[in-house]
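The structure appears below as structure tokens.
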Amino acid sequence: MSRTTGFNHVATVTADLDRITAFYQDIFDAQVTFEMAATEDHPRMVILDLGGAALNITEQPEDAIIGDRTKPGGRGPIDHYGIGVATRADLDLMRQRLADRGVDVGDVHRLGDTWSLFFRDPDGMELEVCTPAEPQ
């Protein structure tokens with residue numbers, strides 16, 4: 001049996017912390033659980049509660065962010081992350097919220113035992129929203 005309990009958080013960077021924080025609050029009702037002003041030793045940071053796991057976001061200058069977030073293989077060692085929701089209805093609601101905001105959102109696809117929706121955040125990063133699918 002695994003000694004872990006799953007992911008605690010995912011850490012990412014952005015050049016516009018206010019914009020990306022508002023995005024996650026608007027689409028996913030994420031709650032800010034921690035804010036830190038920039039210091040000499042650490043960039044400005046926000047921690048968002050995504051319901052079971054956190055998203056830790058630090059702000060970096062655009063030219064310090066390496067890679068092309070819009071291209072697979074160019075994103076660095078973590079290609080994307082998936083945000084879980086409880087039901088297919090929740091997934092459809094997230095798709096509608098994304099579309100209403102003008103986000104580049106795809107169609108819902110079944111990937112094995114999961115319903116999956118890919119989209120791009122305001123930084124152009126491809127992400128995913130997932131929910132369990134009923135057995136076939």
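The values are calculated or read from the model by the stated rules, or taken from the named source; none is laboratory data. Source: prediction; values computed, not measured. Virtual Cβ from ideal backbone geometry, glycine too; neighbours counted across all protein chains shown.
Descriptive notes on the structure:
- Test result for T21, of a type in the set (S, T, Y) and closer than 15 Å to D121 by Cβ: yes
- Qualifying residue in the stretch 81-90 (condition: part of a helix (DSSP H, G or I) and out of contact with any strand residue (DSSP E or B) (no Cβ under 7 Å at 6 or more places or on another chain)): yes
- Subset of the stretch 114-136 [outside any strand (DSSP E or B) and within 23 Å of I78 (Cβ to Cβ)]: D121, P122, D123, G124, M125
- The residue that is nearest to the chain's Cα centre (by Cα), among those in the stretch 1-32 that are of a type in the set (S, T, N, Q), surrounded by 12 or more Cβ atoms within 10 Å (Cβ to Cβ) and more than 20 Å from I65 (Cα to Cα), is Q25.
- Some residue of the stretch 100-112 being in a strand (DSSP E or B), surrounded by fewer than 18 Cβ atoms within 10 Å (Cβ to Cβ) and modelled with pLDDT under 90: yes
- A single entry from P135, P61 fulfils the requirement of being more than 16 Å from the chain's Cα centre (by Cα), more than 25 Å from L17 (Cβ to Cβ) and of a type outside the set (D, E): P135.
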